[in-house]
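What follows is one structure encoded as structure tokens, with my remarks underneath.
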Amino acid sequence: MNILPRPNLEAIKTYKPGKPIEEVARELKLEGKIIKLASNENPLGASPKALHAIQKYAHEIFLYPDDNGYYLKEKLAEKHNVTPENIMIGNGSVELIYFACLTYLNPYERLMRSNGSFMMPKIGAEVIGCPIQEIPLREYRHDLERMLASITAQTKIIYIDNPINPLGTCLWAQELERFIKEVPDYVLVIIDEAYNDYITAAEYPDSGKFLSEGKNVLILRTFSKIHGLAGLRIGYGVSKPEIINAMAKVRTPFNTNRLAQIAAIAALDDITHIKHSRRVNEAGKKYLYKELKKLKVFFIPSFANFVFVNFATDSKEIFDGLQQRRVITRMIKEYGFPNALRISIGTPSENKKLIKALQEILKP
Ligand SMILES: Cc1ncc(COP(=O)(O)O)c(C=O)c1O
């Protein structure tokens with residue numbers, strides 16, 4: 001007899017990440033260099049300071065990591081002008097989204113998100129068996145007015161990714177401040193800032209302010225993007241100590257590994273790598289916008305390290321054509337965009353290869 005999973009798991013669509021290079025090479029029997037513009041990694045690679053630290057401490061991996069992540073939390077507390085009790089580290093920031101769902105959602109409560117934003121909170125809520133309040137986007141942005149108007153007594157978590165993955169649009173300080181002020185205090189607002197390091201605009205919200213005002217917010221950051229540590233899986237959340245303590249109850253022991261903690265500490269100090277990565281990303285976006293305009297395809301100017309491109313035709317054809325030409329991008333049909341691809345910004349030569357491949361595929 002088959003052993004039955006909980007019934008609410010049946011409808012869940014397993015999260016599908018961007019395809020790994022090895023898988024595409026194997027499936028399509030491709031040889032030679034394949035470029036991956038599918039998961040918004042840093043195309044320049046890991047922070048050199050982090051790499052150096054990993055090499056130095058690699059021999060220690062026979063030891064369990066510091067379960068409390070003492071040194072990393074100290075460093076992050078200093079960065080955010082909070083105490084280590086305000087911080088939780090996770091096996092990637094997605095783990096913290098999951099922990100927040102496990103900690104706060106009862107099956108009769110609701111998680112609210114924009115329809116078309118990052119998928120992980122939806123999965124977290126579905127695992128609990130908790131209905132989701134899906135709010136339509138407005139002009140490719142979170143519709144904060146509609147979110148506010150849709151809050152009910154059952155709303156427990158509101159998830160906001162800023163910028164939104166996969167669209168790359170941003171909420172600015174004034175509008176987010178107005179929103180947070182109006183959200184009732186029985187709601188936890190998760191503000192996911194995975195791409196914040198790419199943004200230099202003064203209008204980008206300082207979400208630490210909400211915390212110092214005593215609001216129930218959980219701010220998420222990651223080392224997977226500008227720091228180039230996606231393969232190590234490490235991210236963190238900043239919140240009130242009571243929220244961090246509650247979430248600690250659902251955490252598995254040693255959820256972040258020894259080398260990840262060490263690398264993250266080093267990466268925070270790698271200002272050269274951060275600034276260089278930001279410059280390469282900005283230049284890459286500028287180049288891609290110019291070329292995408294020539295190709296007459298619709299795209300959304302992005303505040304992150306990826307761009308949303310709508311081809312006005314089934315994106316699978318474009319995706320397959322790009323893969324045949326050794327460029328992996330990301331289909332986003334499950335986000336509600338059947339004709340679009342999310343394409344990470346690469347190095348200058350990767351961006352050129354992408355454009356050359358698109359020119360071949362789209363030529364009349
Ligand atoms: C909005 C958003 N949050 C979280 C993540 C995942 O980050 P991590 O690698 O830290 O789990 C991503 C990754 O693509 C993302 O786009």
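None of the figures in this text is laboratory data; all of them are computed from the coordinates on show. Computed from a prediction, not measured in an experiment: that's the story for all the values here. Here the Cβ is made from the backbone with ideal geometry for all residues, glycine too, and neighbour counts use every protein chain on show.
Structural remarks
- Whole-Hz ³J(HN,Hα) from phi, Karplus 6.51 cos²θ - 1.76 cosθ + 1.60, for the stretch 114-131, glycine and proline x: 7, 5, x, 9, 3, 7, 4, x, 4, 5, x, 5, 5, 4, 6, x, 9, x
- Comparing ALA58, ALA50, ALA304 in a Gaussian network model of the chain, where Cα atoms under 10 Å apart are tied by springs, the biggest mean-square fluctuation is seen for ALA58.
- Tensor-based shape of the stretch 61-130 (alpha-carbon gyration tensor, a/c under 1.5 rounded, otherwise prolate or oblate): prolate
- What the phi angles of the stretch 31-46 give under the Karplus curve with 6.51, -1.76 and 1.60, with θ = phi - 60°, is a coupling list of 10, x, 6, 10, 10, 10, 10, 10, 10, 6, 7, 7, x, 7, x, 6 Hz, glycine and proline written as x.
- Modelled this way, with points 7 Å down the Cα-to-C-beta line, the labels at ARG26 and PHE298 are 3.7 nm from one another.
- Other residues with beta-carbon under 14 Å from the beta-carbon of ASN281 carry, at +1 per Lys or Arg and -1 per Asp or Glu, a net charge of +2.
- Length-normalised contact order of the chain in % [C-alpha pairs under 8 Å, at least 6 apart]: 24 percent
- Summing +1 for each Lys or Arg and -1 for each Asp or Glu among the other residues whose beta-carbon sits under 12 angstrom from that of GLN261 gives 0.
- Sparsely packed chymotrypsin sites (Phe, Trp or Tyr not before Pro) within the stretch 178-271, loop by DSSP, other Cβ within 10 Å at most 12: TYR186
- Considering helices alone, the calculated mean residue ellipticity of the chain at 222 nm is -11500 deg cm²/dmol, with DSSP H runs of length four and up weighted by -39500 (n - 2.57) and normalised per residue.
- Neighbour count of at most 11 Cβ within 10 Å plus DSSP loop: longest trypsin sites (Lys or Arg not before Pro)-free window in the chain: 34-248
- Among the lysines of the stretch 165-312, pairs that are 8 or more positions apart or on different chains and have alpha carbons within less than 26 Å of each other number 22.
- Linear extension gain, LYS290 paired with LYS56, 0.36 nm per residue minus alpha-carbon span: 79.9 nm
- Once you reduce the stretch 219-269 and the stretch 126-203 to the center of their Cα atoms, the two points are 21 Å from each other.
- The stretch 168-209: GluC sites (Glu not before Pro) falling in loop per DSSP and having at most 14 other Cβ within 10 Å: GLU203
- Applying 1/(1 + (r/R0)^6) with r as the Cβ-Cβ distance of ALA11 and LEU102 and R0 = 22 angstrom yields a FRET efficiency of 0.75.
- For TYR159, neighbours were defined as the other residues whose beta-carbon sits under 9 Å from its Cβ, and their charges (Lys and Arg +1, Asp and Glu -1) total 0.
- Phi to ³J(HN,Hα) by Karplus 6.51 cos²θ - 1.76 cosθ + 1.60 over the stretch 65-75, Hz, x for Gly, Pro: x, 6, 4, 8, x, 3, 5, 5, 5, 4, 5
- Whole-number percent relative contact order across the stretch 166-262, with pairs defined as alpha carbons under 8 Å at least 6 apart: 24 percent
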